[in-house]
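Just below is one structure, and these are the notes that go with it.
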Amino acid sequence: MPVINRHSHGEALNIITFNDNQINFNEEKLSQLLLHPQVKDREIAIVSIVGAYRKGKSFFMDYCLRFMYANFKSLNNSNLSSTSSWIGDKDEALTGFSWRSGSIRDTTGLSFWSDIFLHDENLAILLVDTQGLFDPETSTEENAKILTLSTLLSSSLILNLNNVIQEDQLQYLQYATEFASLASSNNHNNSKPFQRFLFLIRDWQNVDDFEFGMNGGAAYLDQILKSKPDQSEELKSVREHIRESFDELLCCLMPYPGKKVATSSDYDGRWSAMDEDFFNELRLLIENFLAVDKIVSKRVNGVQVTGSSFFEIIKNYIMTFSTSRLIPKAQTLYELTVNKFMTKLVEKSYEIYEKNLEGIQETNEQVDGTHLKAFEAAMAAFDGTKKMGNEQDEEKFKNQLKQKINIKETEWKSIWLKQIKEIKEEKERKRKAEEEA
Ligand code: GDP
Ligand code: MG
């Protein structure tokens, strides 16, 4: 059997890393991904995974990569794989994000797969792995920051857990629910703040209670999310609001993969070594979760983002995160994002006004007419764009736009009116001179 190295087309890029609670952000690498000519104007889907270390996260993402390479075009490899099944040869070693890297780890943070998958003309899909979460060297603040950033960045977030959903693990979702309550009171788009969330439960043992897969998972999740009398207020609140935070809340119960996968130190990831029921569930899950009609693109505060607009938003998030020791308040992040987005919209609409002022003006009426047309074009651009924030925000930024236009209008009109007047006077002088001659 020839060795197929499908993943020579990409590598893991550690774009957001943590060190002593300091965030390091490789802005240039992220810009190379999101501002790529084939990506910057597309909608973006980001599939990421979080969860404790050495629990099969990277392993799972690498099978996801196999699926992606077989089913999508990518920037670095435009040919679809020709193997009959996406899962590949039974003895093919697993490559991609580095997995099973022993107990040593070099980075903590988010690593992006450098190759980007494309669908149709309008969607780009990125895969993101995390490292170092909940390991003994990572501080509580770092854990919280990584989880929060992953939530903010993803359109599909996977929380990888072992055996069961523990009570305190629901706590990870509190931040998402804070966003949900902001969105419901502030957002006139009336949409949920985040898109898809998957609880991925590994080594599920209680098959008598809930069967493997997504159906068993859904039933299990229903039970977990029921409020119980002896819970803390915080957990109750998470339970009550979690469904308002995500468009889709999924859970999948995975079987134990078999001894070889779980324990063998020389295991290379081949699927022939997996227990059959694990292999079947793995295939079903990935085929379902990453099916092209199931992949959702990222919305921020109800607004669809593109590669380039999301790049700006991420930069803004990172800046806010790096200036505070604690996680920034959901409210703070929300307001900052709305402000930046709306300011940009004002600028863009204003540019449309300026652009429409071009051309030679010959009469006072023409000056008024040109201004009015330009004004209407700018307002149409503003009104025609989906906005972040509530109605007051919209009013506020619309007024800003009107003020900017007003200032420009006065300046521009006075120049043209003066010029028209001068031309008129000049003509008058000539006429008089001719008359006298
Ligand atoms: P990560 O640190 O969470 O990214 O974990 P890795 O993907 O590096 O995998 C750690 C180890 O777990 C590897 O030896 C895998 O073979 C093994 N593994 C993969 N999937 C599973 C699973 O579902 N259950 C168990 N018990 N082990 C798994
Ligand atoms: Mg890993």
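The values are calculated or read from the model by the stated rules, or taken from the named source; none is laboratory data. From a predicted model like this one, the values you see are computed outputs, not experimental measurements. For neighbour counting, all protein chains shown are included, and Cβ atoms are generated from backbone atoms with ideal geometry for every residue, glycine included.
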- Selection from the range 10-57 of residues among the small types (Gly, Ala, Ser) and away from ligand 2 (no atom under 15 Å from the Cβ) yields 10, 31, 45
- Task: Report the residue count in the range 343-394 for those that are closer than 20 Å to residue 312 by Cα, in contact with a helix residue (DSSP H, G or I) (Cβ under 7 Å, 6 or more places away or on another chain) and among the β-branched types (Val, Ile, Thr).
- Result: 2
- Item | Set 402, 413: member being among the basic types (Lys, Arg), under 15 Å from residue 345 (Cα atoms) and surrounded by 14 or more Cβ atoms within 10 Å (Cβ to Cβ) | 402
- Query: (1) under 30 Å from residue 191 (Cβ atoms); (2) at pLDDT 95 or above; (3) of a type in the set (Asp, Glu): which one isn't true of residue 391, the others all being true?
  - Reply: (2)
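Which count do you get for residues in the range 300-348 that are assigned to a loop (DSSP other than H, G, I, E, B) and farther than 22 Å from residue 29 by Cα?
Filtering the range 300-348 for residues assigned to a loop (DSSP other than H, G, I, E, B) gives 301-302, 305, 323-329.
Imposing the further condition that a residue be farther than 22 Å from residue 29 by Cα reduces the set to 301-302, 324-329.
Within the range 300-348, residues that are assigned to a loop (DSSP other than H, G, I, E, B) and farther than 22 Å from residue 29 by Cα number 8.
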- How many residues does the range 205-261 contain that are out of contact with any helix residue (DSSP H, G or I) (no Cβ under 6 Å at 6 or more places or on another chain), within 16 Å of ligand 1 (Cβ to nearest atom) and charged (D, E, K, R)? 1
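Just checking: which of the strands (runs of 3 or more DSSP E) contained wholly in the range 66-147 hold 1 or more residues that are away from ligand 1 (no atom under 16 Å from the Cβ) and at pLDDT 90 or above?
Values: elements: 109-113, 117-119, 123-131.
Hits in the range 66-147: 117-119, 123-131.
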- Among residues of the range 297-323, those that are more than 17 Å from residue 36 (Cα to Cα) and free of Cβ contacts under 8 Å to residues at least 60 places away in the same chain, counted: 4
- Message: Here's a check for you: in the range 115-129, which residue that is over 15 Å from the mean Cα position of the chain (by Cα) and surrounded by 15 or more Cβ atoms within 10 Å (Cβ to Cβ) is nearest to ligand 2 (Cβ to nearest atom)?
- Response: 115
- Query: Going by the conditions given, is residue 297 outside any strand (DSSP E or B), in contact with a strand residue (DSSP E or B) (Cβ under 8 Å, 6 or more places away or on another chain) and among the hydroxyl-bearing types (Ser, Thr, Tyr)?
  - Reply: yes
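From the list 233, 240, which residue is more than 16 Å from ligand 2 (Cβ to nearest atom) and within 25 Å of the chain's Cα centre (by Cα)?
Every option except 240 fails the conditions.
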- Query: In the range 217-226, is there at least one residue being surrounded by fewer than 20 Cβ atoms within 10 Å (Cβ to Cβ), out of contact with any Lys or Arg (no Cβ under 7 Å at 6 or more places or on another chain), in contact (Cβ under 8 Å) with a residue 12 or more places away in the chain and assigned to a loop (DSSP other than H, G, I, E, B)?
  - Reply: yes
